[in-house]
Structure formats: C-alpha cells, structure tokens
Amino acid sequence: MRIDQEITERHAAFAKSVRRLRKDRKMTLKQVAEQASIDLSGLHKLERDKAGNTYIGTVFNLCRVYNVTPNELLGYDDNDMRSICGEEMIRMNAEILLMKKQIDLLQTALANALATSTINGYRDVSDGLTAAMKKIGAIRNGSAAK
C-alpha cells in the first residue's frame, strides 16, 4: 500500500483518537483548544475529520495536552510504521545506492582527469576530465576505451 493511501485511511483514526483522548480526560473542546493554543473551530473540524491536513505543531501541542507521543496520538505502533514505511524505504534505498554508484564514477572520473592532465600535458583539468568521461562512457557501453 502506498504511503498516501495509508495516510488517507489513517486520518479518520487520528480524528477519533483526538476526540477519544479529550473525552477520556473529561475535557471540553474549549479547554483543549486553549491549552494546545489552537483554534476552537479547527479542533472541532479535526475531531470530525473535516480539517484536511493538520500542522505538525498542532500534533505536538495536542501531544503535550494529552501527555502522549505523536505515534500514540496518530494511532500508530512500531509494526504499523514498519509496514507503512517499508515500500518507500526500499525505493529510497535503491535510489541511494544508484547515487552512490554515480558518485563513485564521478570520483573516478575526477581522479583520472587529474592524472591524465598531469601525465599527458593537457592545458587544464577540464581537458583531462573530458577525456576521462569519454573513457567512462566507453566502459559503461562495454567497448574498449582508447
């Protein structure tokens, strides 16, 4: 399941949690709104799942008032977070590995450019870098570099 789908499904649970915590503590909407420094009508909308996106500051203020963690307020446990983030983490890790490979190639190209510039007497490092990049392109394409 995609993260955005999970967030949409969890929004109603968040609204219920905010309302339940307020009721459990026998607090009025006005008391919570004042203590959390949020708008009374905004809190009312939030509890009815009509508020749209909620600012992170509002979440933390409500956590402070209810004396709970953000995960508790949002209705998550550690297993939920692992399953929600799992797919996204796998995708991000693959992108990071690709970037690391690209960085390695660029570092190799730069080192080759510096070495080629010095050995072959190129006018400047950019000539050596161009030569090194051509060599890397040939290696990537599986042809012999000249």
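Values in this text are rule-based calculations from the coordinates and carry no lab data. Note that the coordinates shown come from a computational prediction; the quantities given were computed from them, not determined experimentally.
For residue 16, go through the lysines and keep the ones whose alpha-carbon is under 27 Å away, minus same-chain ones fewer than eight residues off.
Residue 16 reaches 26, 30, 45, 50.
Mind checking which lysines have their Cα closer than 25 Å to the Cα of residue 134? Skip sequence neighbours fewer than 8 apart in that chain.
Straight-line reach from residue 134, under 25 Å: 100, 101, 146.
Report Rg(Cα)/(2.2 N^0.38 Å) for region 7-57, keeping two decimals. Don't skip to the answer; put the middle values down first.
Numbers: Rg = 10.4 Å, N = 51, 2.2 N^0.38 = 9.8 Å.
Relative to the 2.2 N^0.38 Å estimate, region 7-57 comes out at 1.06.
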